[in-house]
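I have placed the structure first, in the form of structure tokens, so that the comments after it can refer back to it.
Any read-out appearing in this document is the output of simple, stated calculations on the displayed coordinates, not a laboratory observation. If you're wondering where the values come from, they're calculated on a predicted model, not measured in any experiment. Positions of Cβ are backbone-derived with ideal geometry, glycine not excepted, and every protein chain shown enters the neighbour counts.
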Amino acid sequence: MKQVTVSAPGKLMFMGEHAVVYGEPCIVTTVGDRLLVTAEIIAGEKLQVEAPQVKDTRFVDEAVKLFYAKKGMKNGVRLSTRSGFSGKYGFGSSSAVTVATLKALSLLFDVPTSDRDLFEMAYQVVLKVQQEGSGFDVAAAIYGGTLWFKRGGELIEPLENSTVRELPLTVGYTGVKSNSAELVKRVAALRERYPAKVDRTMRAIRALVTQTKPHLLRGNWQMVGSFMDQNQEHLRQLHVSSTTLERLINAAKSAGAYGAKLSGAGSGDCMIALVPSERREDIEIAITQAGGEVVRVATHTQGVRQET
Ligand code: PMV
């Protein structure tokens, strides 16, 4: 029986989290760790899913349901997943598995599906399962590299040159799981109470992310680091940082990082630091001594692709 294996990368939010939910741009990069989905046609009309590393198989189930409804499929299919990254870091295993499942089905049944079609379908699945989300993680899993992104895929622009490819990042995991949907709701509640203040913060984040773009493309790390620090200050004001994140961020800064901030929804998961190469080792030690786990990942990696 025909069988295909597809892989999709995880992601790291570089700048612009939360504001992206309100229509502002963000910058996201992909990580080297990939999630794999193997799809195979089986007799009958059953769906079999083996997804031991995926915390929520609804993403796979809903992806199959949507694809079958859209493309008029009936065949039985077996899907199994393998993950190169642990779900604990918040690298986006849900969006990666959704994208990889849809891509695997399109290849298995020879249904040509453009990246844009794939984005629309995967984003619909993610919204159905978790209600909230800008779709930045879905775009990262599909297009790969480093992206300039606006909610719902209104803008998906690859940021591509030799400096962006070599983004000098260090990632520190807090050991605390973050709940993105809940944090998005928390920011929405804060905005209900203080609309003018929160909108001001969102606009300030937009200005920072916009200013960062040309400096990122030029590899002007000192400036980019300073924008990251300012972005972090705004995230503090949205109450999405935490003492653990702050401890790791301060450790990285004191050890010589150009800039450091939380990455993603906040309150846990990972922080990122932009680091001069000669300070990387000291910064990694500082993050570890502050109680963090240094996660070594390549960034700016390829989007969804067929493996076999
Ligand atoms: O926690 P993560 O890595 O899924 O990032 C969430 C980023 C938010 O901007 C808070 C939400 C979103 O979907 O853009």
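Values for this structure:
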read-out	value
Residue in region 131-143 that is more than 14 Å from the ligand (Cβ to nearest atom), over 18 Å from residue 181 (Cα atoms) and either in contact with an Asp or Glu (Cβ under 9 Å, 6 or more places away or on another chain) or not hydroxyl-bearing (Ser, Thr, Tyr) (or both) present	yes
Any hit, region 250-257, residues being in contact with a strand residue (DSSP E or B) (Cβ under 7 Å, 6 or more places away or on another chain), more than 16 Å from the ligand (Cβ to nearest atom) and of a type outside the set (Lys, Arg)	yes
From 293, 233, residue being away from the ligand (no atom under 16 Å from the Cβ), within 24 Å of residue 137 (Cα to Cα), surrounded by fewer than 24 Cβ atoms within 10 Å (Cβ to Cβ) and in contact (Cβ under 8 Å) with a residue 12 or more places away in the chain	293
Verdict on residue 189 being without any contact (Cβ under 8 Å) to a residue 60 or more places away in the chain, among the aliphatic types (A, V, I, L, M), within 16 Å of the ligand (Cβ to nearest atom) and closer than 30 Å to residue 157 by Cβ	no
Verdict on residue 240 being under 14 Å from residue 173 (Cβ atoms) and among the aliphatic types (A, V, I, L, M)	no
Out of 245, 217, sole residue that is assigned to a helix (DSSP H, G or I), of a type in the set (A, V, I, L, M) and under 30 Å from residue 117 (Cβ atoms)	217
Every residue from region 20-34 that is over 27 Å from residue 235 (Cβ atoms) and either part of a loop (DSSP other than H, G, I, E, B) or within 15 Å of the ligand (Cβ to nearest atom) (or both)	none
Residue identified as surrounded by 22 or more Cβ atoms within 10 Å (Cβ to Cβ), among the aliphatic types (A, V, I, L, M) and more than 27 Å from residue 176 (Cβ to Cβ) among 216, 274, 262, 248	216
Residue satisfying condition, being of a type outside the set (Gly, Ala, Ser), touching a helix residue (DSSP H, G or I) at 6+ places or on another chain (Cβ under 8 Å) and within 15 Å of the ligand (Cβ to nearest atom), within set 17, 40	17
Count of residues meeting criterion [in a strand (DSSP E or B) and either hydrophobic (A, V, I, L, M, F, W, C) or surrounded by 19 or more Cβ atoms within 10 Å (Cβ to Cβ) (or both)] in region 1-19	11
Odd one out for residue 84 among (1) of a type outside the set (Phe, Trp, Tyr); (2) under 19 Å from residue 142 (Cβ atoms); (3) touching a helix residue (DSSP H, G or I) at 6+ places or on another chain (Cβ under 9 Å)	(3)
Leading residue by the ranking (nearest to residue 112 (Cα to Cα)) among those in region 55-100 that are basic (Lys, Arg) and not in a loop (DSSP other than H, G, I, E, B)	71
